[in-house]
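Chemist: Here you go, one structure.
The values are calculated or read from the model by the stated rules, or taken from the named source; none is laboratory data. Quick caveat, the model's predicted, so the values are computed rather than measured. Positions of Cβ are backbone-derived with ideal geometry, glycine not excepted, and every protein chain shown enters the neighbour counts.
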Amino acid sequence: MATVNRVPGIRVHLPDPFGTFEVREENSMFHNRFLRTSLLACSLAFTGSVIAQDKATQPDNTKVNKRDRAASAPTADQQKMNMPDREITQKIRQSVMADKSLSTYAHNVKIITQHGAVTLKGPVRSEDEKKTIVAKATEVAGADKVTDQLSVKP
């Protein structure tokens, strides 16, 4: 690394093989240490406030989780990997995602298909959204093959 002194008291180190360079003031060790300590203190303070904020806004899904723990309740991990079930789920999901009038809640409902039977779970924003999603699932799977477990959460 080459050093160039064009301004008295400042050394400029030209790029090394890795493409970096430094500008250093002579006798600036105190300033560098102070700067590093200040940056560390600020970053720790910011991180602490983010963590505290994150803990304060945790959602409460306790009731939903208890409902889904029942042995007879279908869950997403129980869906079979056979082609007909996967195709039904894919067609319903594509239909739901294509409808831009639905909320993010509605776009994220669980669609579980087991042996051709579809179970819909999760919150939606309104009764209209609930009806729309059930209608889309019924169109793909058939009227007698859809179980509606959607809940309205305004």
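Chemist: Pairs needed: first member in the stretch 139-150, farther than 12 Å from Ile111 by Cα; second member anywhere, aromatic (Phe, Trp, Tyr) and crowded, with 16+ Cβ neighbours inside 10 Å; C-beta distance under 6 Å; at least 6 residues apart or different chains.
Modeler: Sorted first by the residue in the stretch 139-150, then by its partner, the list stays empty.
Chemist: Within the stretch 114-132, can you find the residues that are assigned to a loop (DSSP other than H, G, I, E, B) and either surrounded by 15 or more Cβ atoms within 10 Å (Cβ to Cβ) or at pLDDT 95 or above (or both)?
Modeler: Of everything in the stretch 114-132, those that are assigned to a loop (DSSP other than H, G, I, E, B) and either surrounded by 15 or more Cβ atoms within 10 Å (Cβ to Cβ) or at pLDDT 95 or above (or both) turn out to be Arg125, Ser126.
Chemist: If you go through the stretch 105-116 one residue at a time, how many are of a type outside the set (Phe, Trp, Tyr) and in contact with a strand residue (DSSP E or B) (Cβ under 7 Å, 6 or more places away or on another chain)?
Modeler: Residues in the stretch 105-116 being of a type outside the set (Phe, Trp, Tyr) and in contact with a strand residue (DSSP E or B) (Cβ under 7 Å, 6 or more places away or on another chain): 6 in total.
Chemist: Let me ask another. Could you say which residue among Ile111, Ile92 is assigned to a strand (DSSP E or B) and crowded, with 18+ Cβ neighbours inside 10 Å?
Modeler: Ile111
Chemist: Quick one: which residue in Arg33, Arg69, Arg93 is modelled with pLDDT under 75, closer than 27 Å to Asp148 by Cα, of a type in the set (Lys, Arg) and out of contact with any Cys (no Cβ under 7 Å at 6 or more places or on another chain)?
Modeler: Result of the check over Arg33, Arg69, Arg93: Arg69.
Chemist: Just checking, which of Ala106, Ala135 is assigned to a helix (DSSP H, G or I) and at pLDDT below 95?
Modeler: Ala106
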